[in-house]
Every structure is written in structure tokens, then in C-alpha cells.
1. Considering only residues that are without any contact (Cβ under 8 Å) to a residue 24 or more places away in the chain and part of a strand (DSSP E or B), look in region 53-79 and name the one that is least open to solvent (accessible area, probe 1.4 Å).
2. Select from region 80-109 the residues that are surrounded by fewer than 16 Cβ atoms within 10 Å (Cβ to Cβ) and in a helix (DSSP H, G or I) and list them in ascending order.
Amino acid sequence: MPQRIRTAVLLAVAAAAVTAAPAYATVQSGSGTINDPWVPTRAAHITCQTATLFGNYTPGQGHSDPIATLVQGNYIGVRYITSDHNSADVFWHGTSKWGFLLRDCFALN
């Protein structure tokens, strides 16, 4: 009988650990290079009427290489906001594309 109780307690503890609330990811600054450490994306949506998704961003020089135009309400995932806070590395769920987006054109959900 004590073995059954011990097993039940261990199973209850393991189940509680599995159902614990997940830690929330925070948006982190990055350099815009492929060598940055992986950061989970945060859910966000486009707030500007239209916003261009760019292939590259360099602080001081700005965005370059347009990829697509997103419209207000499109959902995106934000990987990180650049160190100068003018852009963000984002994932556009509509087409599964990664790119850079002007920071003023989205809001975190």
C-alpha cells in the first residue's frame, strides 16, 4: 500500500510540473545578424494602414530590399526589436516570410 501512495504522489507532482504556466518571452534587442541567439516570437499585429516588410535593416541607414506590403490587422510574430528601436525582425504569418518592419507600424498583442 505505501508503494501505491508513493507512486500516486510522484505522478501528481509530475502532472503539476507539466501543467505549470509557461514563462512569457520578452522582446529583446538584436543586431540584425543571423548569429544572434534565437529568441521566441511575440504575437503582434500591424497598426499602420500599410507597412512594408524589408529584407534588410542597418541602423543609421534604414530599411532596404522590400519584400511585401502588409495591411492593418495582419498578424506577425516579433523576434526582436533592433538596438536603435527603429525596426524589428518579424515573421509574417500570412506567407511565412521573415523580414524587418518599421517599429511604429505594429503593436504587441
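The values are calculated or read from the model by the stated rules, or taken from the named source; none is laboratory data. This one's a predicted model, so the numbers in the text were calculated from it and none came from an experiment. All Cβ positions, glycine included, derive from the backbone under ideal geometry; neighbour counts span all protein chains shown. Just the protein is used for accessible areas: all its heavy atoms, side chains included, with ligands, DNA and RNA removed. Shrake-Rupley method; radii C 1.70, N 1.55, O 1.52, S 1.80 Å.
1. Step by step, filter region 53-79, then rank; the result is S64.
2. R103, D104
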